[in-house]
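The values are calculated or read from the model by the stated rules, or taken from the named source; none is laboratory data. None of these values were measured; they are calculated from a predicted model. Virtual Cβ from ideal backbone geometry, glycine too; neighbours counted across all protein chains shown. Just so you know, the surface numbers come from the protein's heavy atoms only, side chains and all, with ligands and any DNA or RNA stripped out. Shrake-Rupley method; radii C 1.70, N 1.55, O 1.52, S 1.80 Å.
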Amino acid sequence: MIRCTEEFRALVKAARRVGTPLVAIRTADPASAIAHVSLTVNGKKGEPPVIAWDFASGLQGRNDSGKSALAKVLGESTAALGPGDALALAQRLAADTILFLLNPQRLWEQPDVVQGIWNLRDVFKAGGQMLVLVTPPGAALPVELQNDVMVIDEPLPALDDLARLVAETFDSANLPTPDAATVSKAVDALIGLPAFPAEQVLAMSLSKSGVDLDRLWERKRQAVEQTPGLTVWRGGETFDQIGGCDNIKRFLTAALHGQEAPRVIVFVDEIEKAFAGSGTDMSGVKTEMTGTMLSWMQDRGADGTIFIGPPGAAKSAVAKAAGATAGIPTVAFDLSAMQSSLVGGSGERLRAALQIVDAISQGRSLWIATCNSITSLPPELRRRFTLGTFFFDLPSPEERKAIWDIYLTKWNLSGELPDDDGWTGAEIKECCRKAWRLKLSLQESAEYIVPVSRSAADQIESLRRHASGRFLSAAQLGVFTAESRQAQGAGKRAFRDGE
């Protein structure tokens, strides 16, 4: 992927210089892409001819020479041409013409369109023209064109681009020039947005007193969530609000404040379900998405860790709290929501989401995936999570005491604690919440709790045996062993008030 506007323009100029006839530009901002390409290929004002086709307007000249070139081939006709007719007519365009075709992914599966695009290859190569297919991020070319079209990804704005945007927007609003600290905070809130929405959300967050950073962050969250499968976590919980899990909290704290500290946490919940069927699904969708993820994580050197354990053992809570602990965003990455009924649509959505992550993280993302069973996860994907796999067991008596203290304080509760042997942190939280909401004692509230250690005892025991000696412990230093946890809990009961 090209990582800055200068490199993007350099690649477009190189393609133009060697006479590349067919180019596809994947962009989140078509207007920006057209402007950049037009500026890059123009030798002087008005040359070469620039023409664009879209569904609503048909063929339109984008500069004076483009209008003249179009008039020569259209004659007196003013009818809007369909895509097939427009591509056929394009063979008669003047030398050096640049023709933009907007949103071709909506129609390039049609035989006349894909053939029309391919037919321009040799004609444009000889005459120096260029057809530019302008598509959304992640769009995949049909197989008939993959060997003939050069694909270029227009990057989302870099830090310097956004800093200039902030300064220009303040100036347009007749506000005093912002100081370096304000610019830096505004840029952090805008990273990951295309230029146009970045400008809009910034303008809507300005007032006479300056920029409202909280409003800016909220508008950014709303913009990011327009991408299918991406959600920005809004909870503010930190590690201090999670009892137990001391080893993984210590490890993640070191990662969040170490060298090349991440700029974003990417949270994938129940990852084994998202990739179930990879390599065996008849449609090939899961296999394609797995390959895309593998390539992206490998190319970016993305770090990640996997949390495995029974439901309610704080896997998701720790993952979500990592971002707030470090003061960086946590983006929930839902692969199931990226699947589309359209051919190639799932891959396009995944690549678009990864581009957003790439822009927000500026190449530094920390992936945290949770799963209840790791056996169905493709081994090659597990290897991409280079920071290791941690096993979350049911909390020990000491850990349960810490969890009770957190939620008793949160809901201002007191009284004798119920028998919590085998309870998870989620069940302790639910007991306290029910007691507060229904005005029950803790003992009464516990009557409405069926711990997972009882309802799924066989599955948990099987999970422990599988994890023993294979995965790191989320609670203690070193590798998890079922024997050590059993010894730790043997003969103990949860701590009670006054004990």
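Brief remarks on what is shown
- At R0 = 22 Å, FRET efficiency that the Cβ-Cβ distance of Arg364 and Glu237 yields, to 0.05: 0.45
- For the chain, Kirkwood radius (reciprocal of mean inverse C-alpha pair distance, Å): 26.0 Å
- For region 84-184, the direction-averaged projected area of the alpha-carbon convex hull comes to 9.3 nm².
- Degrees separating the helix 213-224 axis from the principal Cα axis of the chain, which is the longest one: 70 degrees
- At R0 = 35 Å, FRET efficiency that the Cβ-Cβ distance of Glu380 and Ser468 yields, to 0.05: 0.90
- If R0 is 25 Å, the Cβ-Cβ spacing of Ser172 and Gln222 corresponds to a FRET efficiency of close to 0.65.
- Under Karplus coefficients 6.51, -1.76 and 1.60, residue-wise ³J(HN,Hα) of region 435-444 in Hz, glycine/proline x: 4, 5, 6, 9, 6, 9, 6, 4, 5, 5
- Label-to-label distance for Asp405 and Asp212 is 3.9 nm, based on points extended 7 Å past Cα in the beta-carbon direction.
- In the chain, the DSSP-assigned H stretches of four residues or longer account for a calculated mean residue ellipticity at 222 nm of -13500 deg cm²/dmol, using -39500 (n - 2.57) per stretch and the full residue count as denominator.
- Rounded if a/c under 1.5, otherwise prolate or oblate - region 72-136, Cα gyration tensor axes: oblate
- Long-range HN-HN contacts of Val211 with modeled amide H, under 5 Å: none
- Ordering of 330-338, 347-355 by burial proxy (mean other Cβ atoms within 10 Å per residue, highest first): 347-355, 330-338
- Most tightly packed first, judged by the mean number of other beta-carbon atoms within 10 Å of their residues, the peptides 436-442, 9-15 read 9-15, 436-442.
- Accessible area per residue for region 240-352 is 40 Å², calculated with a 1.4 Å probe on protein heavy atoms, without ligands, DNA or RNA.
- Amide H partners (placed H, <5 Å) of Gly304, local residues excluded: Trp367, Thr386, Leu387
- Amide hydrogen neighbours beyond the local backbone of Phe333, cut-off 5 Å, H modeled: Phe267, Val268, Asp269
- Intensity falloff of region 319-439 expressed as log10 I(q)/I(0), Debye formula with alpha-carbon point scatterers, at q = 0.15 Å⁻¹: -0.94
- Segment Lys72-Ile449, length gained on full extension (0.36 nm per residue, minus Cα span): 127.8 nm
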